[in-house]
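Enquirer: Quick one: structure below, then a few questions.
The values are calculated or read from the model by the stated rules, or taken from the named source; none is laboratory data. Just so it is clear, the structure is predicted and the values come from calculations on it, not from any experiment. Cβ: placed from backbone, ideal geometry, glycine included. Neighbour counts: every protein chain shown. Accessible surface is based on the protein model in full, side chains and every heavy atom, while ligands, DNA and RNA are left aside. Shrake-Rupley method; radii C 1.70, N 1.55, O 1.52, S 1.80 Å.
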Amino acid sequence: MRKNILIVEDEIRIRFLLRDYFQKEGFLVYEAENGKEALEIFKNNKIDLIILDIMMPVMDGLTTLEKIREVSTIPVILLTAKGQEEDKLQGYDFGADDYITKPFSPKVLVAKVKALLKRTSEKVDSSTQDFNGLVINILSLSPKEYELLIYLTSNEGIALSRDNILDNVWGIDYYGDIRTVDTNVKRLREKLGYKANYIVTVRGSGYKFEVK
């Protein structure tokens, strides 16, 4: 099935370049030059994934991401400039699923998009998981929250350090702060509601999933 992506980038040259690459790959591409315009397009169209630049006029990418996460778990990849490490961390805190640093290879970005959409599709195909009698519906989770939950449940009863979780969920090439783990665990617990206590904090280490 053809996928719809929204490219939010104020630099016309970059936006047109990405549009051409993704159209050649069979995607239906929507374009916006700022966050405000992006929110309108997102509101009125079925979008499967958003590529979102951070530095933009009118409404920046982080503010846009924050507003999107209030209503949707759609996959979001951030575009960041070199040296914007703090923005990357904030992006993960706000619920970004991945990021790519400028200058970048459009082919690499296309590969990231395809991989993220594939994982999202697999999540939908197995939207309900049963862990020792505990049934958790994961359709309300973002891709990263889903991966975090699956990693915790697949290591049930094992104490996992924050560094270990970062390497296995975000990848060994992610050099962000371990607070990213804490932020996503907090968000995951909120969505699990009364089942939140199945994610146990291990003092001095990290977390473990334990069915009680």
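Enquirer: Given (1) 51, 38, 33; (2) 53, 37, 28; (3) 46, 40, 33, which label gives Cα extents along the principal axes in Å as computed from the coordinates?
Expert: The listed entry that was calculated here is (2).
Enquirer: Compute the helix-to-body angle for 179-192: its Cα long axis versus the longest principal axis of the chain, expressed 0 to 90° and rounded to tens.
Expert: Helix 179-192 sits roughly 70 degrees off the main axis of the chain.
Enquirer: Within straight cross-link reach of residue 118, meaning Cα distance under 16 Å, which lysines are found once same-chain residues fewer than 8 apart are removed?
Expert: In chain and number order, the partners are 3, 144.
Enquirer: Taking the Cα centre of the chain as origin, work out the dipole magnitude from +1 charges on Lys and Arg Cβ and -1 charges on Asp and Glu Cβ, in debye rounded to 20.
Expert: 460
Enquirer: Can I ask one more? Heavy atoms of the protein only, probe of 1.4 Å, neighbouring chains included. What is the accessible area of residue 166 in Å², nearest 10?
Expert: Surface accessible to solvent at residue 166 totals approximately 10 Å².
Enquirer: Between residue 86 and residue 40, with labels modelled 7 Å along Cα→Cβ, what's the label distance in nm to one decimal, could you check?
Expert: 3.2
Enquirer: Sticking with this one: Please report the net charge: other residues with Cβ closer than 10 Å to the Cβ of residue 196, K and R +1, D and E -1.
Expert: Working: positive: 186, 189, 191, 195; negative: 190.
Overall, the nearby charge balance is +3.
Enquirer: Another question, if that's okay. Output the 0 to 90 degree angle, nearest 10, between the alpha-carbon long axis of helix 106-125 and the longest principal axis computed from the alpha carbons of the chain.
Expert: Approximately 40 degrees, to the nearest 10.
Enquirer: A follow-up question, please. Let me know the Kirkwood hydrodynamic radius for segment 1-123, please, with Cα pairs as the basis and the value in Å to one decimal.
Expert: On the way: mean 1/r = 0.0705 Å⁻¹.
Evaluated on segment 1-123, it is 14.2 Å.
Enquirer: OK, next. Looking at the chain only, what percent of DSSP beta bridges run antiparallel? Nearest 5 please.
Expert: Just about 35 percent of them are antiparallel.
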